[in-house]
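K.L.:
This is the structure, below, for whatever I ask next.
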Amino acid sequence: MTVISRDMTKQEKFAAMGGRESLIAINKVFYDKIYKHPWLKLYFEAIPQAHIEIQQVDFMQKVLGGENIYVGKSPSIAHDHMFITDELFEVRKQLLCEAFAETNAHPELVEKWLALDESFRRHIIKTSPDECKPRFKTDPILNFPNPENY
C-alpha cells in the first residue's frame, strides 16, 4: 500500500489512494449492495445503476483531489426530495464500509470519504417529510419506511 506524505500534491495523493480505478471498484460493489437492499433500493428505482455509479465516481474524484469532471448537483440539492433519517444514513454507511473492505480500499481514502460523508449528514438528514422539497412539481417526495427494521 502506498504511503501518503504531506509533500504530495492533491493529485498525487488521489493517485496514491487508488485514483479513479479505486472509486469505480468501490462504487460498483457499493451500488450492487444498494440496489439489492430491501430499503435503500426503493430510493433508486427510477435511476439506472450505471448512471448513479458514474456520478458518484465523478463527485468523489472531484472532492478527493482528482480531476474535476463532475457536473451534477450538490449533495444537499440532490437529496432535497428524499426523506432521509439518521437510521437510513447509517444503513447506507454500513454498506459503504462493506464495499471499502471488499475492495481493499486504501485506509486514507476510507478516512477521507467517511469524513466527507459525515460533513454532508446535516444537509441530507431530515426530521420530518415536511422538510423535503420536490425537484419538479410532478416529482414525489421519496419516503419509505424501513420494511424489515434494518
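K.L.:
Taking amide hydrogens as modeled 1.01 Å from N in the peptide plane, which residues meet the under 5 Å criterion relative to ILE84, leaving out close sequence neighbours?
P.N.:
LYS126
K.L.:
Stretch ASP32-GLU118 to full length: gain in nm at 0.36 nm per residue minus the Cα-Cα span?
P.N.:
Residue separation times 0.36 nm, minus the Cα-Cα distance, leaves 28.8 nm.
K.L.:
With Cα extents along the principal axes in Å defined as stated, name the option among (i) 43, 31, 31; (ii) 43, 41, 34; (iii) 48, 29, 26 computed from the structure displayed.
P.N.:
Correct label is (iii).
K.L.:
Per DSSP H run of n ≥ 4, the term is -39500 (n - 2.57); total these for the chain, divide by its residue number, and report the mean residue ellipticity at 222 nm rounded to 500 deg cm²/dmol.
P.N.:
Calculated mean residue ellipticity at 222 nm is -16500 deg cm²/dmol.
K.L.:
In the range 95-150, which trypsin sites (Lys or Arg not before Pro) fall in coil by DSSP and have 15 or fewer other Cβ atoms within 10 Å?
P.N.:
Within the range 95-150, the qualifying trypsin sites (Lys or Arg not before Pro) (loop, at most 15 other Cβ atoms within 10 Å) are ARG135, LYS137.
Read-outs: derived from the displayed coordinates by stated rules, not from any lab. Here the structure is a predicted model, which is why all the values come from computation and not from measurement. FYI the Cβ positions are ideal-geometry reconstructions off the backbone, even for glycines, and counts take in every protein chain you see.
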